[in-house]
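Data first, discussion second: the structure below is written as structure tokens.
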Amino acid sequence: MPLARLREVLFPSGAEADEGFRQEILSLSQRGLKAVAGVEVMLALLGLCGLLPLIPAATLMAIGLATFSLLRFNAAYARYRGLALLSASAAAALASRTIMTSMLQDFALGAVVVLVLTGAAALPLLPVQSLALGLAAVAGGYDCNHHLFLAMLTVVSVAISATLYTQRRTNYLSYLSVLQATQDYRAIQSRLVVAENSATMVRLSAALAHELSQPVGTVISGVDTLLAVCARHATAGPDQQARLLTLEQDLGRSLQTSLDRLKRMVNRIQRLTNLDEAGVRPTNLNELLNEAAGLVRSNASEHVLFEFRLQPLPDIRCRAQQLLTVFTVILTNALQAIDGEGSIQISSRPTAGRVEIRIQDSGRGIEPARLNAIFDPGFQVAEGRVSTGNWSLFTARQFIKDHGGDMRIQSQSGEGTTVSLILPCSS
């Protein structure tokens, strides 16, 4: 292995310069310190049972208890890894030193192995620190006959530390990537919300322009006609006065009807433009369904029939603008699925603690392959251009889930589609 590569393995360059990764290392060091102290105390207890001489066993117990006591000092938190390394090195050197003097060499040698491997695995050691731990064990057993074994143990511990340290770094970078992807997803979702709301407002403007044109035209024409009739009163003979009076009354009724219709539309505009003012507020879903149907009806063919089967519903606390967007998206999709004549049935009913909305169309339905991925957002290539696919339904279902509800779609090719929305009354 080239010297530069060996240096990179033993001293990972700049890994802990990232403050987030450094904090992860500190947290792992605290848990590793507990593990090292626990192993030291356990080995000391076994040694006091006669597997080690009394003095080394008592010394090992003191090292373990001293390591445990470090956890009480918050000021030492940033140095837990180094302190744990010193503790494990001292314990490994002590155990290695007793290999020749202990009557049970196997236990002393096993204690060295356990201590070195515990330090390498439980502590987030740099490979060079794991090398120092192994060398401490080798130095402690300088006069025993197990130098080759201790050297091999050192190499294994360095390999373990290098592998685990790289894995921890990789996991941290993966976490950052997932976090960035989550933030990007939320940003995309926010843009989709704005886009869907904008599309809803565009449909609202188109529908209102269509509905306003007739009563406004009637009022303008009626006023012009009424002025002309009033002017005729001054010159009309007695036999024409009665006919002109009847005409004025008819014009008055027509103007009043148009003005009442305009008033209702103004109230509707006020309701729609104030949906977002209070955020989450009590809302009647039947009213939202009627508003959504009014938005898409202006684009519907006269051969498409809207059927309403709405049962009285309790008000639910919700974000009305979001649910209006959901209803508009579903009704628009239903309308686009109908070729020629057809019907869209809109129903609502209260169930146990919930409200269920069903929108059923008699359109061409959805193929099974597409239905399985109906909520998966993605991109499609059509006529050489890239366009989004399923994002409206994906956003709509996300709105429903944000309200604690669920959205289900049932469809068969050629037999129409049924969309069921279930919302809790306490959402």
Discussion item. Modelling each spin label as a point 7 Å along the Cα-to-Cβ direction, I'd like the ALA373/SER347 distance in nm, to one decimal.
Written reply: 3.3 nm
Worksheet entry | Loop-located chymotrypsin sites (Phe, Trp or Tyr not before Pro) in the stretch 41-117, at most 15 other Cβ atoms within 10 Å (DSSP) | PHE73
Discussion item. How large a share of the accessible area of the stretch 290-379, in percent, is made up of carbon and sulfur atoms when the probe is 1.4 Å and the other protein chains stay in place?
Written reply: 45 percent
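Could you state the accessible area per residue of the stretch 44-175 in Å², with a 1.4 Å probe and every protein chain left in place?
Per-residue accessible area for the stretch 44-175 comes out at 48 Å².
So if each residue of separation counts as 0.36 nm, and I subtract the Cα-Cα distance between LEU48 and GLN240, what length gain in nm does that give? Mind dumping the intermediate values first?
Working: separation 192, 0.36 × 192 = 69.12 nm, distance 12.82 nm.
So the extension gain works out to 56.3 nm.
State the dimensionless ratio Rg/Rh of the stretch 9-132 (Rg: radius of gyration of Cα atoms; Rh: Kirkwood radius). Show your work: numbers first, answer last.
Working: Rg = 15.2 Å, Rh = 14.8 Å.
That ratio is 1.02, to two decimals.
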Worksheet item: What does the charge count near GLY119 come to, summing +1 for each Lys or Arg and -1 for each Asp or Glu among other residues with Cβ under 15 Å from its Cβ?
Response: +2
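Students sometimes get this wrong: rank CYS425, CYS230, CYS49, CYS318 by accessible area, probe 1.4 Å, all chains present, largest first.
Greatest to least solvent exposure: CYS49, CYS230, CYS425, CYS318.
Counting only other residues whose beta carbon sits under 14 Å from that of LEU226, what net charge do I get with K and R as +1, D and E as -1? Each step should come with its number before you reach the end.
Numbers: positive: ARG232, ARG253; negative: ASP224, GLU248, ASP250.
Cβ neighbours under 14 Å give a net charge of -1.
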Worksheet item: Taking the Cβ of ARG349 as the center, what net charge do the other residues with Cβ under 13 Å away carry, scoring Lys and Arg +1 and Asp and Glu -1?
Response: +2
Worksheet item: So what are the ³J(HN,Hα) numbers for the stretch 25-33, from phi and the Karplus equation (6.51, -1.76, 1.60; θ = phi - 60°), rounded to whole Hz, Gly and Pro as x?
Response: 5, 5, 5, 5, 5, 4, 5, x, 4
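Carbon-plus-sulfur fraction of the accessible area of the stretch 36-107, 1.4 Å probe, in percent? List each step's numbers first, then the result.
Numbers: 2650 of 3680 Å².
Answer for the stretch 36-107: carbon and sulfur cover 72 percent of the accessible area.
The values are calculated or read from the model by the stated rules, or taken from the named source; none is laboratory data. Keep in mind it's a predicted model, so treat the numbers as computed, not measured. Neighbour counts are summed over all protein chains in view; Cβ atoms, including those assigned to glycine, are modelled from backbone coordinates with ideal geometry. Calculation scope for accessible area: heavy atoms of the full protein, side chains included, ligands and nucleic acids excluded. Shrake-Rupley method; radii C 1.70, N 1.55, O 1.52, S 1.80 Å.
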